[in-house]
Structures are given as structure tokens and as C-alpha cells.
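The next block holds one structure in the form of C-alpha cells; read it before the comments.
The values are calculated or read from the model by the stated rules, or taken from the named source; none is laboratory data. Model, not experiment: these values are computed from the prediction. Cβ sites come from the backbone with ideal geometry, for glycine too, and all protein chains shown count toward neighbours. Remember, those area values only see protein heavy atoms, side chains included, never the ligands or the DNA or RNA. Shrake-Rupley method; radii C 1.70, N 1.55, O 1.52, S 1.80 Å.
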Amino acid sequence: QVQLLESGGGLVQPGGSLRLSCAPSSSGWSITGMGWYRQAPGKQRESVALIANGGRSDYADSVKGRFTISRDNRRNTLYLQMNRLTPEDTAVYYCKAATNTGAEYWGQGTQVKR
């Protein structure tokens, strides 16, 4: 089972930036798709940004032009660079990873507060 460890959340100043990271606690996993999701208080979890193994990415309309998802395939590490943060970006951010067996795993979440 893959355990994903997230970091980088926190309190950010108006218009500020944060960079989230997500990495598996152990090596040797063959991870395919990865993505960032978020859940604001009282709302359902939503997709923020997704990235395939080959690097193709997709973003929610609300973050296009402000957020950038990237990954280091050698380390199976996922990143989310968030710029020009707004109050609407306040949420718990989760990373998700899928392995080549089709299993999916979630991180524990990291709080982003603007």
C-alpha cells in the first residue's frame, strides 16, 4: 500500500504563493496518474489539477493561469505551485496517486488558508 506524504500548506498573504509537495513514503511503486484535489468547509472535494505519467496536465477552470502542477517521475513526487491565491482557494488540499495495478491512494491532506 502506498502512503502519500503531503507538505507545503499554510497561511498565505493576499495574492501570495505556496508550493505543495506530495511523495510516497517508500520507493519502488509504479505510479501512473497523479493529481491534486481540495475540499473547502461545507463543500465536496473537487479536482484541482491532474497530471499523467507523460506530463499531460489538466486544470480546473478556477485555477488555470495561477496554479501549475508538475511531477518528478524519478522520485514519484508531485508538486503544485499556487500563485495569486484568493480566499476561494482556502481548503484542505489532497494528493492522489494511481499505480499501474489500478489502485488509488490519497494523502492525508494539507491545509491552505488565505
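A few notes on this one:
- Tabulated pairs, the range 92-105, first on the phi < 0 side of the Ramachandran plot and at pLDDT below 95, second open to solvent by 40 Å² or more (accessible area, probe 1.4 Å) and among the acidic types (D, E), C-beta under 7 angstrom, 6+ apart or interchain: A98/E104
- Complete set of residues in the range 16-40 that are among the small types (G, A, S) and within 17 Å of Q111 (Cα to Cα): G16, S17, S21, A23, G35, A40
- Residues of the range 58-93 classified as out of contact with any Leu (no Cβ under 7 Å at 6 or more places or on another chain), open to solvent by 20 Å² or more (accessible area, probe 1.4 Å), farther than 21 Å from G16 by Cβ and assigned to a strand (DSSP E or B), total: 1
- Number of the condition not met by G55 [criteria: (1) in contact (Cβ under 8 Å) with a residue 24 or more places away in the chain; (2) farther than 19 Å from T110 by Cα; (3) open to solvent by less than 60 Å² (accessible area, probe 1.4 Å)]: (1)
- Selection of the range 1-45 for residues being of a type outside the set (S, T, N, Q), open to solvent by 60 Å² or more (accessible area, probe 1.4 Å) and more than 20 Å from S70 (Cβ to Cβ) yields L11, P14, G28, P41, G42, K43, R45.
- Of all the listed residues (A103, A97), the sole one being exposed (fewer than 14 other Cβ atoms within 10 Å of the Cβ) and among the aliphatic types (A, V, I, L, M) is A103.
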